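**Student:** A single structure is presented below for examination.
The values are calculated or read from the model by the stated rules, or taken from the named source; none is laboratory data. In this text the structure is predicted, and so the values were computed from the model without any measurement. Backbone-built Cβ (ideal geometry, glycine too); neighbour counts: all protein chains shown. Note: areas computed on protein heavy atoms with side chains; ligands, DNA, RNA excluded. Shrake-Rupley method; radii C 1.70, N 1.55, O 1.52, S 1.80 Å.
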Amino acid sequence: MISQEEFLSISTPDVAKLVRESGSKICVFPINGTRRWFTLEHASQTQESDPIQAYMDIASQNHISLYRLFFDHGIDTLLTPEFGTELLLRGDEYVQRIGADGLARLASHPLFVNFYIDYDVRVHFYGEYQRHLSQTSHSYLVDLFKKIEEKTSRNTSHRLFIGVFGVDATQTVSEYSVEY
């Protein structure tokens, strides 16, 4: 058994090698860019003319930083449930500014797209998002999700599954099984 000091001195590539030695690794990480975190950690940015934009920019950078951390340390596949159906109960402005704009970022913002390309990440959106979004003004998100899935479909180093309204695991697994 190595000491804590020795363990902490292992380089990131060596940690990744150790993690991968026993095979492919999958991690479920319910990531959240909470407004409470933003207010506590980045209070000065809340004074900007558009604090929601500042929140979205910083939360995006934080998400990418966390994805890199997992992938750099040997995780091959990351499942991140992002938005649940409770999002739809928060009012139209919240759904648009945080929900729809945030989801669109994950699928089309240059920060994310460049990360997917640079890290060779295959992206897939899972959940019942088509059912929940198809009859709303946010139905365009379904096409954005499909476009980034297609654009990253040949990436093989890492996989990122982003959950959007993935509330019923049994139903989702059943649908994937039939589709497969």
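**Student:** Pairs of alpha-carbon atoms within less than 8 angstrom and 6+ residues apart define the contacts here; what relative contact order does region 79-180 have, in percent?
**Tutor:** Reported as a whole number, the value is 40 percent.
**Student:** Say R0 is 35 Å: what FRET efficiency, to the nearest 0.05, do residue 25 and residue 178 get from their beta-carbon distance?
**Tutor:** Details: r = 28 Å, r/R0 = 0.79.
The pair residue 25/residue 178 has a calculated efficiency of 0.80.
**Student:** Residue-wise, which Karplus ³J(HN,Hα) couplings in Hz belong to region 149-165, taking 6.51 cos²θ - 1.76 cosθ + 1.60, θ = phi - 60°, and x for glycine or proline?
**Tutor:** 4, 5, 4, 9, 4, 9, 6, 10, 6, 9, 10, 10, 9, 10, x, 10, 6
**Student:** Order the peptides 134-143, 157-166 from the highest to the lowest mean number of other Cβ atoms within 10 Å of their residues. Before the final figure, lay out the partial values.
**Tutor:** Working: 134-143: 13.3, 157-166: 20.7.
Packing proxy ranking, top to bottom: 157-166, 134-143.
**Student:** Follow-up. So what is the relative contact order of the chain, in percent, for Cα pairs below 8 Å that sit 6 or more residues apart? Before the final figure, lay out the partial values.
**Tutor:** Numbers: 211 pairs, mean separation 43.9, N = 180.
Relative contact order for the chain comes out at 24 percent.
**Student:** Further question: Using a ≥ b ≥ c from the Cα gyration tensor of region 78-129 (square roots of the eigenvalues), is it rounded, prolate or oblate, where a/c under 1.5 gives rounded and otherwise the larger of a/b and b/c decides, a/b for prolate?
**Tutor:** On the way: a/c = 3.55, a/b = 1.73, b/c = 2.05.
Oblate is the answer for region 78-129, as a/c is 1.5 or above yet b/c matches or exceeds a/b.
**Student:** If each residue of separation counts as 0.36 nm, what is the full-extension length gain between residue 117 and residue 130 once their alpha-carbon separation is subtracted? List each step's numbers first, then the result.
**Tutor:** On the way: separation 13, 0.36 × 13 = 4.68 nm, distance 2.53 nm.
Fully extending the segment from residue 117 to residue 130 adds 2.2 nm.
**Student:** Let me ask you something else. Once you have a ≥ b ≥ c as the square roots of the Cα gyration tensor eigenvalues for region 1-45, tell me rounded if a/c is under 1.5, and otherwise prolate or oblate according to whether a/b is larger than b/c.
**Tutor:** Details: a/c = 3.66, a/b = 1.85, b/c = 1.98.
Note, shape of region 1-45 comes out oblate.
**Student:** For n ≥ 4 DSSP H runs only, could you compute -39500 (n - 2.57) per run for the chain, divide by its residues and tell me the 222 nm figure to the nearest 500? Kindly include the intermediate steps, with their values, before the conclusion.
**Tutor:** Numbers: 9 runs with 88 residues, N = 180.
Mean residue ellipticity at 222 nm (helix-derived): -14000 deg cm²/dmol.
**Student:** Which of the lysines could a cross-linker bridge to residue 17, judged by Cα under 18 Å and excluding same-chain residues fewer than eight apart?
**Tutor:** 25
**Student:** Sticking with this one: Please give the per residue accessible area of the chain, computed with a probe of 1.4 Å over protein heavy atoms only, in Å². Mind dumping the intermediate values first?
**Tutor:** Details: 10900 Å² over 180 residues.
Each residue of the chain exposes 61 Å² on average to a 1.4 Å probe.
**Student:** Here is a follow-up. Using a 1.4 Å probe over the heavy atoms of the protein chains, calculate the carbon and sulfur portion of the accessible area of the chain as a whole percent. Present the calculation step by step, with values, prior to reporting the outcome.
**Tutor:** Values: 5740 of 10900 Å².
Taking all protein chains in place, the chain shows 53 percent carbon and sulfur surface.
**Student:** With a ≥ b ≥ c the root eigenvalues of the C-alpha gyration tensor of the chain, is it rounded (a/c under 1.5), prolate (a/b larger than b/c) or oblate?
**Tutor:** Values: a/c = 1.96, a/b = 1.25, b/c = 1.57.
In terms of gyration-tensor shape, oblate.
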